[in-house]
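Engineer: Submitted below is the structure of interest, expressed as structure tokens.
The values are calculated or read from the model by the stated rules, or taken from the named source; none is laboratory data. Every value quoted in this text rests on a predicted model; they were computed, and no experiment measured them. Glycine also receives a Cβ, built like all others from the backbone with ideal geometry; neighbour counts cover every protein chain displayed. For accessibility, only protein heavy atoms count, side chains too; no ligands or nucleic acids. Shrake-Rupley method; radii C 1.70, N 1.55, O 1.52, S 1.80 Å.
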Amino acid sequence: MNVSHASVHPVDDPPTTDGGGGGGAGNNIEVPRVRMKDVQGMPGTPGGLALRICQLVFAVVGLFVMATTSDFPSVTAFCYLVAATGLQSLWSLSLAFIDIYALLVRRSLQNYRVVSLFTIGDGITSTLTFAAACASAGITVLIDNDLDSCAQNHCAQFETATAMAFISWFTALPSFLLNFWSLASR
């Protein structure tokens, strides 16, 4: 490989294999790309597994609290919350298993296609969970503050399930951002 030398700002030649200073073909050492270490929170790291387990726990708690109320099917936003937290639970559970496997066999999950899949899935599930939590929060505020009808409704359960969905989204957001950052830094 012939290397041209800058005339205005001289640049040092990389060291050659034969010890000579020539720029002949095949004499330059190929410097390997330096990879960033796995940042905690990315797939296949203990931090990533902790985030997945937190997502799973908060989504499952929100799902079960909302599903145990008798009148959640009468409100569309609450049905949407159950569906979104159910999807978040399944997604987090499956990726937690993948993280556990990667940690046990000491494999890195920093493959471009794998990280792309995780990023797209995290983006979709976190957006759905956030939208469902916002819709449920709006209905909960309507029932509690505007209609003053918490006496005949399950406001405490609605508020708890909505809070759990927000916390699940809050723990899903770092996973999405770290995966997205990992794709951007390639």
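Engineer: Of everything in the range 128-148 that's polar (S, T, N, Q) and open to solvent by less than 90 Å² (accessible area, probe 1.4 Å), which residue is nearest to Ala96 (Cα to Cα)?
Structural biologist: Thr129
Engineer: Right, next: Got a sec? Which of Ser94, Ser116 is among the polar types (S, T, N, Q), modelled with pLDDT of 95 or more and surrounded by fewer than 17 Cβ atoms within 10 Å (Cβ to Cβ)?
Structural biologist: Ser94
Engineer: In addition: When you scan the range 166-185, do you find a residue that is open to solvent by 60 Å² or more (accessible area, probe 1.4 Å), outside any helix (DSSP H, G or I), out of contact with any helix residue (DSSP H, G or I) (no Cβ under 8 Å at 6 or more places or on another chain) and under 28 Å from Gly44 (Cα atoms), even just one?
Structural biologist: yes
Engineer: Further, regarding this structure: Checking the condition over 22 Å from Gln55 (Cβ atoms) and touching a residue at least 24 places away in the same chain (Cβ under 8 Å), which residue from Ile100, Ile167, Ile139 passes?
Structural biologist: After applying the criteria, what remains is Ile139.
Engineer: Which residue out of Leu81, Leu51 is modelled with pLDDT of 85 or more, farther than 30 Å from Gln152 by Cβ and aliphatic (A, V, I, L, M)?
Structural biologist: Leu51
Engineer: In this structure, is Ala151 closer than 30 Å to Ser70 by Cα, open to solvent by 50 Å² or more (accessible area, probe 1.4 Å), of a type in the set (Gly, Ala, Ser) and modelled with pLDDT under 90?
Structural biologist: Yes; evaluated as a whole, the condition is true for this residue.
Engineer: Just checking, how many residues over the range 96-120 are more than 24 Å from Ala67 (Cα to Cα), out of contact with any Gly (no Cβ under 6 Å at 6 or more places or on another chain) and in a helix (DSSP H, G or I)?
Structural biologist: 15
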